[in-house]
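What follows is calculated from the coordinates using simple rules that are stated; it is not laboratory data. This is a predicted model, so every value here is computed, not measured. When we count neighbours, we look across all protein chains shown, and the Cβ atoms used for this are built from the backbone with ideal geometry, even at glycine.
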Amino acid sequence: MSAVVTESTQVATAGRELRDGAFGHATGLSCRECGHQVELGPHYACPECFGPLEIAYEFPAVTREEIEAGPANIWRYKALLPVPSDIETSPNMEPGFTRLLKANNLGRTLGIDNLWVKDDSTNPTNSFKDRVVACALSAAREFGSSVFACPSTGNLANAVAAAGARAGIKTVVFIPSNLEKPKQINSAIYTDSLVAVNGNYDDVNKLASEIAGEEDGWAFVNVNVRPYYAEGSKTLGYEIAEQLGWRLPDQIVIPVASGSQLTKVHKAFQELIKLGLVEDKPYKVYGAQATGCSPVSVAYKSGVDAIRPVKPDTIAKSLAIGNPADGIYVLDVCRQTGGAVEDITDDEVREAIVLLARTEGIFTETAGGTTVGVLKKLVETGQLDTSLETVVINTGHGLKTLDAVADVVGARATIEPNYAAFRASGVV
Ligand SMILES: Cc1ncc(COP(=O)(O)O)c(C=O)c1O
Ligand SMILES: [Zn+2]
């Protein structure tokens, strides 16, 4: 296998030879658009059509027992990821194997018989992004990258900065300057190189691509290392199936920013079927967006295939990508599986954050509020079958977006410290 890859699609590897087995059972990179094959390496765009490259594999015969004997983190699935078999799998900081909670109270409130919450807010930096970053870091190490970087809507920057600190690699993370303060601090605490850019995420992303083309040895996890990074989201799908007792759910609701996570959860389900690890069965995939940044939902509802970019204006800043790289593939997955893409207002996002907290004791950020709120809307509009087993993914922690709900929850009463004042307060 060989291919001509243009200079702009490469991460400099400092003349380094890739180790045998550096990417596990991955056999190459394949263009999602035209199927052109490129050899494994630091490439991300097809040299023929500039379509996105994805990892291709020849998987070994993997058994449930082998996976179950693995560590309680994403590396239990290392045979299905583009990572070396000798990857360090045991440190306590490794992401994954987060809880899958039966959400009976939320289910009862929404009228859904069989509802689960996959709670990814308990990862090391409190979002699902630790999964993708772990895979990107492995690739960056194999490429000998000197800088570990990303453009981010917040959570990714947190995850890159923390993982880089622990790995002892220089990090530089770029965010829109209007990002929530806690998300900024959650990056700056791990790195001295948080760069706030005056612009929205799409501007930050463009800048990152420019820097990647100019600077040698920089691994931008979601730009020039994207094929390796994106595979990390598959572990969410693997875990959900394993935690359900090696079964796929009937319906799943997933937030959409770039759309990478949604398409990779679907890919994971398809791989598990092909490997014989779960029974083949139909399932519906639903995408969730906030109305103030809903280019994929708008395209879905209009019945068109093209995504028209938007300028984001929503409190769900982690989902505020106006020109989503994988938007068209989200449309494909949701349409093919019989699901849908839906969006809700910022007030509905706030209400859903409170609803999840008060029914299940889970404090989610605005992305999770968007997902739970969309689940509610899908039920109310008859787009989701309430008799089927349903999973909703909570991708991040509410402590990072406190401002979103600061005005809708608070002390019920402020009283003097005596019993009479308490009685008079009317709290009980
Ligand atoms: C908490 C959270 N959930 C979901 C997403 C969406 O991920 P994707 O870009 O893969 O669609 C993001 C992206 O930044 C996020 O931070
Ligand atoms: Zn191509």
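When you restrict to C-alpha pairs under 8 Å that are six or more residues apart and normalise by the size of the chain, the relative contact order lands at 15 percent.
Orientation-averaged projection of the chain equals 21.8 nm² [convex hull of Cα atoms, one quarter of hull surface area].
Database remark: amide H of A103 closer than 5 angstrom to the amide H of L115, W116, V117 (H placed geometrically; neighbours at sequence offset of 5 or more, or on other chains; Pro and chain starts carry no H).
If R0 is 45 Å, the Cβ-Cβ spacing of K274 and V354 corresponds to a FRET efficiency of close to 0.65. Along the axis of the charge dipole computed for the stretch 84-173 (Cβ charges of +1 for Lys and Arg, -1 for Asp and Glu, origin at the Cα centre), the listed residues I169, I87, A149 are led at the positive end by A149. Between the amide H of F97 and those of I74, distances stay under 5 Å, these residues lying 5 or more places away or on another chain, with hydrogens modeled in the peptide plane.
Here's the list of lysines a cross-link from K274 could span, going by alpha-carbon distance under 25 Å and ignoring same-chain residues fewer than 8 apart: K78, K118, K234, K264, K284. Database remark: amide H of K284 closer than 5 angstrom to the amide H of Q251, I252 (H placed geometrically; neighbours at sequence offset of 5 or more, or on other chains; Pro and chain starts carry no H).
As a proxy for reagent exposure, ranking Y44, Y329 by other Cβ atoms within 10 Å from fewest up yields Y329, Y44. In order along the stretch 227-232, phi translates into HN-Hα couplings of x, 7, 3, 4, 4, x Hz, rounded to whole numbers, per the Karplus curve 6.51 cos²θ - 1.76 cosθ + 1.60 with θ = phi - 60° and x for Gly and Pro. Note on the chain: helix-only mean residue ellipticity at 222 nm, from DSSP H runs of 4+ residues weighted -39500 (n - 2.57) and normalised by residue number, equals -10000 deg cm²/dmol.
How big is the dipole moment of the stretch 365-428 about its Cα centre under a simple scheme where the beta carbon of each Lys and Arg is +1, that of each Asp and Glu is -1, and everything else is neutral? Debye, nearest 20, please.
The dipole magnitude comes to about 180 debye.
The slack in the chain from E416 to L402, taken as 0.36 nm per residue of separation less the alpha-carbon distance, amounts to 2.3 nm. 3J(HN,Hα) couplings calculated from phi for the stretch 198-212 with the Karplus curve 6.51 cos²θ - 1.76 cosθ + 1.60 (θ = phi - 60°) are, in sequence order, 6, x, 8, 4, 5, 5, 5, 5, 5, 4, 4, 4, 5, 5, 4 Hz; Gly and Pro show x. The label-point distance for S387 and I87, in a model that sets each label 7 Å from Cα toward Cβ, rounds to 4.2 nm.
Using Cβ point charges alone (K and R +1, D and E -1), the dipole size of the stretch 280-405 about the Cα centre works out to roughly 120 debye. Here the label points at C34 and L207, each 7 Å from Cα along the C-beta direction, are separated by 3.3 nm in the simple model. Label reach from D347 (point 7 Å along Cα→C-beta): in the stretch 373-409, amide nitrogens under 20 Å belong to 373-381, 403-409. Across q = 0.25 Å⁻¹, the stretch 197-236 modelled as identical point scatterers on its alpha-carbon atoms has Debye log10 I(q)/I(0) values of -0.84, in the order of the q list.
Remark: the chain carries a charge dipole of roughly 820 debye about the Cα centre, counting +1 on each Lys and Arg Cβ and -1 on each Asp and Glu Cβ.
Our coupling estimate for the stretch 289-294, obtained by passing each phi through the Karplus curve with A = 6.51, B = -1.76, C = 1.60 and θ = phi - 60°, is 9, 8, 4, x, 8, 10 Hz, Gly and Pro reported as x. Once the Cα-Cα distance is subtracted from the 0.36 nm per residue extended length, the A306 to I189 segment shows a gain of 38.2 nm. If you take the Cα centroid of the stretch 362-414 and the Cα centroid of the stretch 21-97, the two points sit 32 Å apart.
Ordering I415, C293, A230 by the projection of their Cα atoms onto the charge dipole of the chain, which places +1 on the Cβ of Lys and Arg and -1 on the Cβ of Asp and Glu, puts I415 at the extreme positive end.
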